Amino acid sequence: MQRVTILGATGSIGVSTLDVLARHPDQYGVYALSAHSRVDELAVQCRQFRPARAVVGSAEAAARLRQLIADLPTEVAYGEQALCEIASSSDTDTVMAAIVGAAGLAPTLAAARAGKKVLLANKEALVMSGQLFMDAVREHKATLLPIDSEHNAIFQSLPAHYAREPEAAGVAKILLTASGGPFLKRAVGTLEQVTPEEACKHPNWAMGRKISVDSATMMNKGLEVIEAHWLFGAPADRIEVVIHPQSVIHSMVSYVDGSVLAQLGNPDMRTPIAHALAYPERIVSGVAQLDLTTMAALEFHAPDFQRFPCLALAFDALRAGGTAPALLNAANEVAVQAFLDRRIGFRDIDRVVRRVMDEEAHGAASSIEAVLAQDAQARLAAGRIVDGLART
Ligand code: NDP
Ligand code: MG
């Protein structure tokens, strides 16, 4: 019996994870669930999965949850320390890291430091502190399995010995596929007027609002380039983004002998979640088998960096190194929230990120404290720029 903690259980990834777990009650038990503000949803999940512990974002949320599940034995707590506890407890084996944004860093790192099997959806944690996070995984013998569909596809397309002997594997390039999001073909001049509703309407995937906006700007792909760099030890010039609007191929690895290996599937996150949960075995995920004969043509083309400046900014941050990716990530989180709150326009997102990258100095990512200080500095700077834009 694997005992699973889900950080971010009420989110899109969290709900998909519980859907897979519910199909295998003999193999998996839920140790702990976390939410931030959606307390009613978490109460329903607690009733169904009977976790030993549940963690929410505030004292008020905890009081409300205690009321809602007073008849259950679930122990309720709140705050970052409690999240770190459920991620590192000796009562859990596997941690699904599915909190959105920088808020996921501390508990995800706590899971790695406790040597857990970490299923990583929270790409922002790795973008912020890639080297430190990967060092913690190695030092504490944690198992890190990618949930992001592209990285899970790459993981599946690499040989098992890749982690031990990357050079011997003969990898020429990592080909990261991207759908291009909802604005792949929209006239560039009209992007200024895009609304949050339009930006959140992804053609192929149903996801949380933040990652949906990131997909529309292609910052999501930019963060994924940085994520791939850390997960697979690949330099920026060995990672290529390929636009593939159908999202059937989830990414590829090209080898020195001319072979290209790909992983295909219907666009449903339950496939990578089931893969990582059961790895190296396979379990049923609830996702329908891919029917190749009814499929439209698969298209591929190069990304347009003018249309999607956030993609170029992310490559710049990766090449700059140190805390530059933390700067990029923090500025993006602030800008995306301001866009969702209708304080700034869609194209202002890349403007805010670019200005923060240009104006704020970055340093060495020598410690988590240094990364968090950079994150805080970037948030203040981005907030000032947003205030200026919101007034005009
Ligand atoms: P959602 O917005 O749907 O869910 C986010 C989860 O995190 C919710 O449970 C939310 O709680 C919780 N949360 C939000 N803010 C905080 C906070 N400050 N502290 C603690 N918990 C918080 O996001 P997704 O499920 O879409 O994405 C989760 C992560 O997975 C992201 O990093 C994303 O990039 C990544 N990912 C997602 C994919 C997808 O298909 N959705 C695909 C690949 C990667 P509450 O709901 O109670 O507020
Ligand atoms: Mg992805």
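The values are calculated or read from the model by the stated rules, or taken from the named source; none is laboratory data. Source: prediction; values computed, not measured. A quick note on method: Cβ atoms are made from the backbone with ideal geometry, for glycine too, and the neighbour counts reach across all protein chains shown.
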### Query
If the Cβ limit is 6 Å and pairs must be 6+ apart or interchain, which residue in the stretch 223-245 that is in contact (Cβ under 8 Å) with a residue 40 or more places away in the chain pairs with which residue that is in a strand (DSSP E or B) and of a type in the set (S, T, N, Q)?
V242/T177; H244/T177
### Message
Take Y31 and tell me if it is aromatic (F, W, Y), without any contact (Cβ under 8 Å) to a residue 24 or more places away in the chain and buried (at least 19 other Cβ atoms within 10 Å of the Cβ).
### Response
no
### Query
Which residues, taken from the stretch 211-242, are part of a helix (DSSP H, G or I), in contact with a Lys or Arg (Cβ under 7 Å, 6 or more places away or on another chain) and within 12 Å of ligand 2 (Cβ to nearest atom)?
L223, E224, E227
### Task
Would you mind stating whether A326 is within 17 Å of V225 (Cβ to Cβ) and either of a type in the set (V, I, T) or in contact with an Asp or Glu (Cβ under 7 Å, 6 or more places away or on another chain) (or both)?
yes
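Condition check ((1) at pLDDT 95 or above; (2) in contact with a strand residue (DSSP E or B) (Cβ under 7 Å, 6 or more places away or on another chain); (3) surrounded by 18 or more Cβ atoms within 10 Å (Cβ to Cβ); (4) within 16 Å of R209 (Cα to Cα)) across all residues:
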residue	(1), (2), (3), (4)
A320	yes, no, no, no
P325	yes, no, yes, no
A330	yes, no, yes, no
E333	yes, no, yes, yes
R342	yes, no, no, yes
G345	yes, no, no, yes
D348	yes, no, yes, no
R354	yes, no, yes, no
M357	yes, no, yes, no
### Task
State yes or no: is I147 within 15 Å of ligand 1 (Cβ to nearest atom), within 22 Å of I273 (Cα to Cα) and in contact (Cβ under 8 Å) with a residue 40 or more places away in the chain?
yes
### Query
Right, A87: under 19 Å from the mean Cα position of the chain (by Cα), small (G, A, S) and not in a loop (DSSP other than H, G, I, E, B) or not?
yes
### Message
Looking only at residues that are of a type in the set (G, A, S) and either buried (at least 24 other Cβ atoms within 10 Å of the Cβ) or without any contact (Cβ under 8 Å) to a residue 60 or more places away in the chain (or both) in the stretch 128-144, which one is nearest to ligand 2 (Cβ to nearest atom)?
### Response
S129
## Note on the structure
Reported set for the stretch 354-392 where residues are outside any helix (DSSP H, G or I) and under 22 Å from the mean Cα position of the chain (by Cα) is A365, S367
### Task
Report, by residue number, each residue of the stretch 262-300 that is crowded, with 17+ Cβ neighbours inside 10 Å and either part of a strand (DSSP E or B) or aromatic (F, W, Y) (or both).
A262, Q263
## Note on the structure
If you go through A335, A317, A296, A331, the only one that is touching a Pro at 6+ places or on another chain (Cβ under 7 Å) and either farther than 23 Å from P146 by Cβ or touching a residue at least 24 places away in the same chain (Cβ under 8 Å) (or both) is A317
### Query
Among the candidates V56, V4, V100, V39, which residue alone is more than 12 Å from ligand 1 (Cβ to nearest atom) and buried (at least 17 other Cβ atoms within 10 Å of the Cβ)?
V4
### Task
Examine the stretch 173-188 for a residue that is crowded, with 22+ Cβ neighbours inside 10 Å and among the charged types (D, E, K, R), and state whether such a residue exists.
no
